Amino acid sequence: MKIAAIAAALATWAATASAEIAVPVTYLRQEVERPPVLSNLDAMPENDGLAGAELGLADNATTGRFQGHVYTLDTVSVPPGGDLAGAARDALARGGLLILDAPAAAVLGVADLPEAEAALLFNTAAPEARLRGADCRANLLHTIASTAMRTDALAQFLVTRRWDDLALVTGDRLEDLDYAEALRGSLTKFGLRLRAEAPWPSDADIRRNAAQEVPLFTQGLPDHDLLLVADEAGDFGRYIAYNTWQPRLVAGSEGLRAVAWAPVVEAWGAAQLQSRFRALAGREMSARDYAAWAAMRAIGEAVTRTGAADAARLRDFMLGPEFELGGFLGQPLGFRPWDGQMRQPIPVVTDRAVVATAPLEGFLHPTSEMDTLGIDAPETLCTAFKDRP
Amino acid sequence: MRYLTAIALIAMPAFAQAQAQGEIWVTNEKDNTISVIDVATLEVVRTVSTGERPRGITFSSDFSRLFVCASDSDAVQVIDPETGEILHDLPSGEDPEQFVLHPDDRRLYIANEDDAITTVVDTETRQVIAQIDVGIEPEGMAVSPDGKIAITTSETTNMAHWIDTETQQLFANTLVDARPRHAEFLKDGAELWVSSEIGGTITVFDTADQSEIAKIGFEVTGIHPDRVQPVGFELTADGATAFVALGPANHIAVVNAETYEVEEYILVGRRVWHMAFNADQSLLFTTNGVSGDVTVVDVASRKPLKTIKVGRFPWGAAFRPAQGDPA
């Protein structure tokens, strides 16, 4: 178990003197073993997510130093099979604010600890619907966009372009199945037609023979405007484009992607956030980095506005109408009071540009157009927030 | 057609006078140029080259020098407005975005967006006098009419930082709503106004004790509140009326500076940023970043008169009086 402590210096600031408030936050990671993908090109950064939290800490510290608020970030990383519950208990003994970088089951394990009942936890890595639905928890907020938010964003774009007839190729990993399920829901929600679905046979290395295999594989699909790919691990999807039987665009996990954040996002001052992140981490900012940054900044914003650091007051403020977080996406971010999901615009991107940002024009909503993305209040399966509003 | 007739009637007086009425200078962030608009003809008459990513723009008090923040060149450029020639660069600190010239006509207070610093430069000796640590992404800059207080607002820290211009030290830091963008002193310096883009408000401070005395909100019919994002604003010379750019709401608000009430909204181009008046303040020129143009607004009737195509992503605007006309 690695423990690193980063303290935000208060030092010699000309702070307007007010009572000093300590805001200790723990970044708790459950390390996971990732099965290999075909390409050797992708390096998964060691500090994916964590670097975002560190940037959020630095951002908070500047506001804090003018107010006498001292933010600290402890990092705890538990190896596969390690004692996550024990590490969580230790962290909760230090303070009630936890940023979780862990799979869904592990997130729930921490949220259900008796010691966590009065704590405030942030899910920054698990996109599954169940954590916002039947398995939601009143002490758990989500700054990582749900899969449904991303697939709804993509579906809105397809509607706008009138690419109504679709086919889907699905990988066999759990995250692919989660993505495919969310995608089917989004296509139904926005009135698009899934003409065919084909499971990808991931039993061979196709790097050298994609040009022979993919045309054959896609030849049997009925006519479609665009080919969707569910390959969230980045395994086979990259070899599909330009090798399809019909010349068709690719979207989903590959090609045109709806993401919570990407290096190509630059409008609304995002270029500044990207350059601050690059200076800190020496690499591009990922969606997980953004989620961890947003969690840290949400804490900072709530502490700044309430002058308090206890989890209960911060939670109340974040779920209330006063809370507004500048997230460099053109609209203030907030939390949905029915399931704790952070609402945010979703960029629809290629590797080189933002093609559109959802919610797209014309998708209306009585309160916030961002709530056209993901699960809205009337359809939520979450009850925990009703019991503890 | 009734609409066009009305515009023509209102516009007539402006076009009738053929003599020079000065110019509006507009920085084009994504063209590295300044478009110079002739106020008499409402046409672009000149394009001046600048450094990279020009944003903040202001003239010296005698209009003999132009200062431009060339953000990506990490310099404030000093330009001869007659020839368009870049005379020299001032040491500005990294990524200067916006600045304000002190009433002494000498000290320039510059927001260094990427560095969380406000740099004070002597424009005569071309030396940095001070660098002041402020919040993250400083942008809005203002100086009180008596020159005693300079203000920097920081976009991510969400504060107005109050700088004593004698000591170049912060003496107060006041919270505002999310993403403050622009600041101005009003009423002989008695009030400070700060716009918050994401918060959607203008916060009004009492300068004497830095307390908040009012908050101005905006509501444009048919536009979602999240899209109503106040950024730049300008006051009429009598201080009675403020014109506030509302960014992606594509409108400017007309605010009564006494009652803090919004009187009217005027439709302009897309993502309106900043603006400048002509000499007699009969016309207001707004920079529309996304549509790449400038809207000319008739101040008396509060109606848009004309749209003028400029360069890519127009941002800042400044007025230069006609030669020999000390406006």
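The table below gives the values:
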read-out	value
Rg/Rg_ref, region B:130-238, where Rg_ref = 2.2 N^0.38 Å and atoms are Cα	1.05
Proximal aspartates and glutamates relative to residue A:386, as straight alpha-carbon distance under 14 Å, when same-chain residues fewer than 8 apart are discounted	A:135, A:316, A:339
Fluctuation leader among A:124, A:151, A:306 - chain A, Gaussian network, Cα springs under 10 angstrom	A:306
C-alpha long axis of helix A:174-189 to longest principal axis of chain A, angle in °	80 degrees
At q = 0.10, 0.11 Å⁻¹, base-10 log of I(q)/I(0) for chain A (Debye sum, equal scatterers on each alpha carbon)	-0.65, -0.79
Cα-based equivalent ellipsoid, region A:110-150: semi-axes from gyration tensor eigenvalues, Å	20, 10, 7
Chain B: most fluctuating residue of B:88, B:102, B:251 per GNM, C-alpha cutoff 10 Å	B:88
222 nm mean residue ellipticity, helices alone, for chain A (DSSP H n ≥ 4; -39,500 (n - 2.57); rounded to 500)	-10000 deg cm²/dmol
Charged-residue dipole, Cβ positions (Lys, Arg, Asp, Glu), chain B about Cα centre, Debye nearest 20	1260 debye
For region A:70-216, the spread of Cα positions along each principal axis, largest first, Å	57, 36, 29
Other protein chain Cβ atoms within 10 Å, averaged over every residue that makes up A:324-332	6
D_trans [Stokes-Einstein, Kirkwood Rh over alpha-carbon pairs] for region A:247-301, 20 °C, 1.002 mPa s, µm² s⁻¹	170 µm²/s
Length-normalised contact order for region B:183-313 - Cα pairs under 8 Å, 6+ apart - percent	13 percent
Rounded tilt (10° steps) of A:50-67 against the dominant C-alpha axis of chain A	40 degrees
Entries of B:187/B:309; B:148/B:303; B:148/B:215; B:30/B:303; B:215/B:303; B:187/B:303 with Cα pairs more than 30 Å apart	B:187/B:309; B:148/B:303
Sorted largest first, extent of region A:185-290 alpha carbons per principal axis (Å)	48, 37, 22
Computed over chain B, Kirkwood Rh from alpha-carbon pairs, angstrom	19.6 Å
Region B:182-327 - Debye-derived log10 I(q)/I(0), Cα point model, q = 0.13, 0.18, 0.19 Å⁻¹	-0.55, -1.03, -1.13
Region B:52-63 - phi-based ³J(HN,Hα) in whole Hz, Karplus 6.51/-1.76/1.60, Gly and Pro as x	7, 6, x, 10, x, 8, 7, 9, 5, 5, 8, 6
Equivalent ellipsoid semi-axes - Cα gyration tensor, the protein assembly as shown, angstrom	46, 32, 23
Local electrostatic count, residue A:142, Cβ distance below 14 Å [Lys/Arg +1, Asp/Glu -1]	+4
Where the Cα pairs of region A:281-357 fall when distances are cut into 10 Å bins, in %	17, 45, 27, 10, 1
Residue of B:214, B:242, B:253 that the Gaussian network model of chain B assigns the largest fluctuation, springs spanning Cα pairs under 10 Å	B:214
Chain A: angle of helix A:84-94 to the longest principal axis, Cα-based, in degrees nearest 10	30 degrees
For region A:319-334, 3J(HN,Hα) per residue [Karplus equation, 6.51 cos²θ - 1.76 cosθ + 1.60, θ = phi - 60°, Hz, x = Gly/Pro]	7, x, x, 6, 6, 9, 10, x, x, 6, 10, x, 9, x, 8, x
Projected area averaged over orientations for region A:143-216, convex hull of C-alpha atoms, nm²	6.3 nm²
For region A:216-373, diffusion coefficient by Stokes-Einstein and Kirkwood Rh (Cα), 37 °C, 0.692 mPa s, µm²/s	183 µm²/s
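Where a number appears in this text, it was derived from the coordinates with a stated rule and is not lab data. Just so you know, these numbers come straight off a predicted model, no measurement behind them. With ideal geometry, Cβ positions are generated from the backbone for all residues, glycine too; neighbour counts draw on all protein chains shown.
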